[in-house]
Every structure is written in C-alpha cells, then in structure tokens.
Amino acid sequence: QVQLVESGGGLVQPGGSLRLSCAASGRIFSIGDMGWYRQAPENERELVATITNGGGTNYEGSVKGRFTISRDNTKNTVFLQMDSLKPEDTAVYYCNARIWRFYLSAGDDYWGQGTQVTVSS
C-alpha cells in the first residue's frame, strides 16, 4: 500500500505565500516524476509543476516565476512554494507521483487526497 499525504493548504491574502508538502509512504522501491496539479470549481484538473528525480522542473505558464517545486528524495517528499499568490490560484491542489513498489514491477501513478488553497482578501 502506498499513500501520498499533503499538507500546507489554507487561506491567504493576495500577494501572500504558502508552502505545500506531500510525503509518500508505504512499500516503495523508487519514485520517478513527482508533481502538483490543481482543480478549481467547474474546471478540469490542470498541471501546475513537475520535477524529475534528478531535479529537472517544468511549470505551467501562469505560475512561472511565482511557484517553485522541489523534492527531498531521502524523505520521499515533494514541495510547492507558492509566492505572489493571486485569487485565480484558488483551487484544490493534488500531488502526484510515479512509484515503483518493487524491483522490476510496473510503475503506477498515485495521487494525494488534495489540499484546499484559497486566495482572498
């Protein structure tokens, strides 16, 4: 069994900052790409940022320069530092990871339960 547990969401004023964390636990052999996605009401889930296990990053255009994704491979954890937050960043944020549970097994995508981020004055 593998779990991704997110933390760090909340209410923040425009221009403020939040730091999301997501820790993977359970039977894990290795972790590939990790990422953050978000879903606002009545919208589809969209990519926010991804990071490879070597540290290569990719960002959705509207968050470039404001959000920073990072990971700690020793703790199976991915972070999302969100600065200069805007009301349009309001959404439920989900972490995602490609995880191999055993040597030579097929990798599977796992998702966290989601954490609410609300940007409002």
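The residue pairs whose first member lies in region 37-52 and is at negative phi and among the β-branched types (Val, Ile, Thr), whose second member is modelled with pLDDT of 95 or more and open to solvent by 80 Å² or more (accessible area, probe 1.4 Å), and whose beta carbons are closer than 9 Å, counting only pairs six or more residues apart or on different chains, are Thr50/Asp33; Ile51/Asp33; Thr52/Asp33.
The residue that is most open to solvent (accessible area, probe 1.4 Å), among those in region 111-121 that are of a type in the set (Ser, Thr, Tyr) and assigned to a strand (DSSP E or B), is Thr118. Taking region 1-110 as the region of interest, the strands (runs of 3 or more DSSP E) fully inside it that hold 2 or more residues being among the hydrophobic types (A, V, I, L, M, F, W, C) and open to solvent by less than 40 Å² (accessible area, probe 1.4 Å) are 2-7, 18-26, 30-39, 46-51, 67-72, 77-82, 91-100. With the requirement that a residue be hydroxyl-bearing (Ser, Thr, Tyr) and over 12 Å from the mean Cα position of the chain (by Cα), what does region 67-121 give you? Hits for region 67-121 are Thr74, Ser84, Thr90, Tyr103, Ser105, Thr118, Ser120, Ser121. Scanning region 98-121 for residues that are more than 29 Å from Pro41 (Cα to Cα) and in contact with a Ser or Thr (Cβ under 7 Å, 6 or more places away or on another chain) yields a single hit, Trp100.
The values are calculated or read from the model by the stated rules, or taken from the named source; none is laboratory data. Keep in mind that what you see is a predicted model, and the values were worked out from it rather than measured. Methodologically, a virtual Cβ is constructed for each residue, glycine included, from the backbone with ideal geometry; neighbour enumeration extends over all protein chains shown. Keep in mind that these areas ignore ligands, DNA and RNA; they rest on the heavy atoms of the full protein, side chains included. Shrake-Rupley method; radii C 1.70, N 1.55, O 1.52, S 1.80 Å.
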